[in-house]
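Take a look at the structure set out below.
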Amino acid sequence: MAFKPNREQAWEILTEYTQSEALLKHALAVEGVMRHFAELFGEDPEEWGAVGLLHDLDYQQYPEEHCHKTGEILAARDVDPEFIRAIMSHGYEICTDVEPLTLMEKTLYAIDELTGLINAVCLMRPSKSVLDLEVKSVKKKFKQPSFAAGVDRDVIRKGCERLGMELDEVIQETIKGMQKCAEAIGLAGDLQ
């Protein structure tokens with residue numbers, strides 16, 4: 001019987017395949033932001049959070065098979081195909097052909113890269129914190145391709161279009177989501 005992992009199950013699966021502190025913090029950031037957007041949209045924060053937590057499940061051990069290996073791992077555990085599909089969609093046109101269609105899929109696609117950019121912006125700030133971060137600071141760095149060069153700005157833009165939201169609004173809500181888990185992701189900084 002297919003199931004959707006709860007938070008505890010998702011964390012257990014994640015930590016079985018991921019030991020990198022940076023990847024775990026990224027997973028926690030994406031989880032926090034997905035939970036925030038789920039609440040914003042009146043959706044299920046538990047399910048959205050678990051999808052966020054597991055989205056890079058295979059990245060540390062199988063970077064060349066990113067998303068695909070996650071699909072195999074989760075299918076072998078009898079995880080719901082819709083849950084797996086949501087995860088696979090964040091790699092659309094990068095490493096999968098699974099197009100983000102549902103609200104959850106579009107959100108994950110839009111915020112995954114953005115959390116990485118916001119994390120990098122925070123680490124450059126004197127406070128080292130997301131708690132005092134403003135949209136304009138993120139926008140400034142967003143416009144500098146050399147800053148956090150690994151962050152794909154086009155994916156973020158396309159994600160915002162898919163959601164039918166302005167970039168500024170998506171940045172603002174992503175910051176709010178990361179603020180809710182600032183301690184866990186190491187971005188509470190000097191402002192505790």
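Read-outs throughout are calculated quantities, based only on the coordinates presented, and are distinct from any laboratory measurement. Being a predicted model, the structure only gives us computed values, none of them experimental. Cβ coordinates were reconstructed from backbone atoms using ideal geometry, including for glycine residues, and neighbour counts include every protein chain displayed.
Remarks
- Charge tally for Val98 (other residues, Cβ to Cβ under 11 Å; Lys, Arg +1; Asp, Glu -1): -3.
- Efficiency of FRET from Cβ geometry, Ser20 and Asp44, R₀ 30 Å, rounded to 0.05: 0.60
- Here the alpha carbons of the range 82-165 define both size measures, Rg and Dmax, at 13.8, 42 Å.
- Gain upon complete extension [Asp132, Ala76; 0.36 nm per residue less C-alpha separation]: 15.9 nm
- Each peptide among 156-168, 51-63, 85-97, 102-114 gets the average number of other Cβ atoms lying within 10 Å of its residues, and from highest to lowest they stand as 102-114, 51-63, 85-97, 156-168.
- Relative contact order %, the range 7-184, counting alpha carbon pairs below 8 Å whose residues are six or more apart: 23
- Volume per residue of the C-alpha convex hull in the range 138-192, rounded to whole Å³: 103
- Per-residue [θ]222 nm for the chain (sum of -39500 (n - 2.57) over DSSP H runs n ≥ 4, rounded to 500): -18500 deg cm²/dmol
- Kirkwood Rh and Cα Rg combined as Rg/Rh, the range 108-149: 0.94
- Only alpha carbons enter this Debye calculation for the chain, each as an equal point scatterer, and the log10 of I(q)/I(0) it gives at q = 0.10 Å⁻¹ is -0.36.
- Solvent-free Debye scattering, log10 I(q)/I(0), computed from the Cα coordinates of the range 77-127 at q = 0.18, 0.28 Å⁻¹: -0.62, -0.99
- Between amide H atoms placed 1.01 Å from N, distances below 5 Å from Val79 occur with Phe3, all of them 5 or more places distant or on a separate chain.
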